[in-house]
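Colleague: Please see the structure below; I have some questions.
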Protein chains: 2
Amino acid sequence: MKYGIALFPSKKLQDLVNSYRKRYDPHYALVSPHVTLKSTFDAEEGDLEQITKELRQTAKTSQPLHLEIKKVSSFSPVNNVIYLKVEPTNEMQELHERLHTGALNSEPEYAFVPHITIGQNLSDDEHSDVLGSIKMLDIHHEEVIDRFHLLYQLDNGSWTVHETFLLGKESE
Amino acid sequence: MKYGIALFPSKKLQDLVNSYRKRYDPHYALVSPHVTLKSTFDAEEGDLEQITKELRQTAKTSQPLHLEIKKVSSFSPVNNVIYLKVEPTNEMQELHERLHTGALNSEPEYAFVPHITIGQNLSDDEHSDVLGSIKMLDIHHEEVIDRFHLLYQLDNGSWTVHETFLLGKESE
């Protein structure tokens, strides 16, 4: 089964991002706006217990994350993905690294650039048009995120949450 | 903000249900296949802490649920909703009731008929055609569900998970 780990920002930011994704992101209907902490990975259902045990431990010993957005950017020319750039913090980098060790050991495909996708799979022309107009917007957003989620992918490509992990908290 | 509480069945059952929802359920892209335990309700973000605290307590003192599907049914003539009927159990009924007391106190709109929607908003003709052909299928499915989820609704109608609650377990 395919799994992934992500942060969901506040409803307010998700609604803003969706207003663009609706037009520019073919994955709009498959998953809510998110910051990917660990990209799609394969795991057997039998490994899930160990994985979630480690995730609980990781969450408990991490702190809530400060999420700040100051600008729109793009992964072009690598690919035509337009995104809200999440200002990197040591805490987020460290969490990302911990999610690639232990039972979750794997080499990240790319260096970790935390982001929230606004648009993807755009033609070159559309990409530069959209990026040009969105860059004009004065986007500044800050919030604290106190949880992350382990998700799994259904056959139609959509994602369902398996479990939520609270950062820096003993669950009561 | 609008919230709801639901169970997600296994990926296998979600994939099966989605193969029908894709054609017959306009909510297909808004939420994964689920059993609603508490329909949409309004809550202030300020109430969320108390609500989640009670949900953790409810989960901890409930047991995993036996989910059995033996047949397809419909809410017609009330409305043209076709669904997999979930065999009622005392445990599920009790969980449903506990999710309508305390901070979550509210009167359910309908008697609790646990189900997984396959199709809705169908015309009368389409409803009887689809129901007739799906009823021919020999559906029998059993599984154990050990968690439920509190979700919130975005402005576009889609649902994001706020938190997962494990049934009958102290989180580690």
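Colleague: Surrounded by 14 or more Cβ atoms within 10 Å (Cβ to Cβ), more than 30 Å from A:Lys11 (Cβ to Cβ) and modelled with pLDDT of 95 or more: is that true of B:Ser32 in this structure?
Modeller: No, not satisfied.
Colleague: Any chance you could count how many residues in the stretch B:1-57 are free of Cβ contacts under 8 Å to residues at least 24 places away in the same chain, within 19 Å of B:Arg147 (Cβ to Cβ) and among the polar types (S, T, N, Q)?
Modeller: Selection size over the stretch B:1-57: 2.
Colleague: Could you tell me whether B:His127 is of a type outside the set (Asp, Glu), touching a strand residue (DSSP E or B) at 6+ places or on another chain (Cβ under 8 Å), closer than 23 Å to A:Leu151 by Cα and crowded, with 17+ Cβ neighbours inside 10 Å?
Modeller: On the way: of a type outside the set (Asp, Glu): yes; touching a strand residue (DSSP E or B) at 6+ places or on another chain (Cβ under 8 Å): yes; closer than 23 Å to A:Leu151 by Cα: no; crowded, with 17+ Cβ neighbours inside 10 Å: yes.
No, not satisfied.
Colleague: May I pose another question? I'm checking my understanding of the structure. Among residues of the stretch B:23-73 that are among the small types (Gly, Ala, Ser) and over 29 Å from B:Asp155 (Cα atoms), which one is farthest from the chain's Cα centre (by Cα)?
Modeller: Top of the filtered list is B:Ser62.
Colleague: Filter the stretch B:132-155 down to the residues that are closer than 25 Å to A:Phe148 by Cβ and free of Cβ contacts under 8 Å to residues at least 60 places away in the same chain and list them by number.
Modeller: Matches in the stretch B:132-155: B:Leu154, B:Asp155.
Colleague: Could you go through the stretch A:60-79 and let me know if any residue there is assigned to a helix (DSSP H, G or I) and either within 14 Å of chain B (Cβ to nearest Cβ) or under 23 Å from A:Ile139 (Cβ atoms) (or both).
Modeller: yes
Colleague: Among the residues of the stretch A:1-20, write down those that are within 9 Å of chain B (Cβ to nearest Cβ), part of a helix (DSSP H, G or I) and either β-branched (Val, Ile, Thr) or surrounded by 18 or more Cβ atoms within 10 Å (Cβ to Cβ) (or both).
Modeller: A:Lys11, A:Gln14, A:Asn18
Colleague: Additional query: Within the stretch B:86-102, does at least one residue satisfy the condition of being away from every other protein chain (no Cβ under 14 Å), touching a strand residue (DSSP E or B) at 6+ places or on another chain (Cβ under 7 Å) and either farther than 29 Å from A:His149 by Cβ or assigned to a strand (DSSP E or B) (or both)? Talk me through it step by step, then tell me what you get.
Modeller: Quick first cut of the stretch B:86-102, residues away from every other protein chain (no Cβ under 14 Å) only: B:86-102.
Those left that are additionally touching a strand residue (DSSP E or B) at 6+ places or on another chain (Cβ under 7 Å): B:86-87, B:89, B:91-92, B:95-96, B:99-100.
Next, only the ones that are either farther than 29 Å from A:His149 by Cβ or assigned to a strand (DSSP E or B) (or both) stay: B:86-87.
Checked against the condition, which is being away from every other protein chain (no Cβ under 14 Å), touching a strand residue (DSSP E or B) at 6+ places or on another chain (Cβ under 7 Å) and either farther than 29 Å from A:His149 by Cβ or assigned to a strand (DSSP E or B) (or both), the stretch B:86-102 yields at least one hit.
Colleague: Among the residues of the stretch B:156-166, is there at least one that is of a type outside the set (Asp, Glu) and either over 30 Å from A:Leu166 (Cα atoms) or surrounded by fewer than 16 Cβ atoms within 10 Å (Cβ to Cβ) (or both)?
Modeller: Yes, the stretch B:156-166 has at least one match.
Colleague: Somewhere in the stretch A:110-126, is a residue within 14 Å of chain B (Cβ to nearest Cβ), over 16 Å from A:Leu13 (Cβ atoms) and hydrophobic (A, V, I, L, M, F, W, C)?
Modeller: Within the stretch A:110-126 (the criterion being within 14 Å of chain B (Cβ to nearest Cβ), over 16 Å from A:Leu13 (Cβ atoms) and hydrophobic (A, V, I, L, M, F, W, C)), the answer is no, since none of the residues qualifies.
The values are calculated or read from the model by the stated rules, or taken from the named source; none is laboratory data. Everything numeric here is computed off the predicted structure, so don't read it as measured data. Cβ coordinates were reconstructed from backbone atoms using ideal geometry, including for glycine residues, and neighbour counts include every protein chain displayed.
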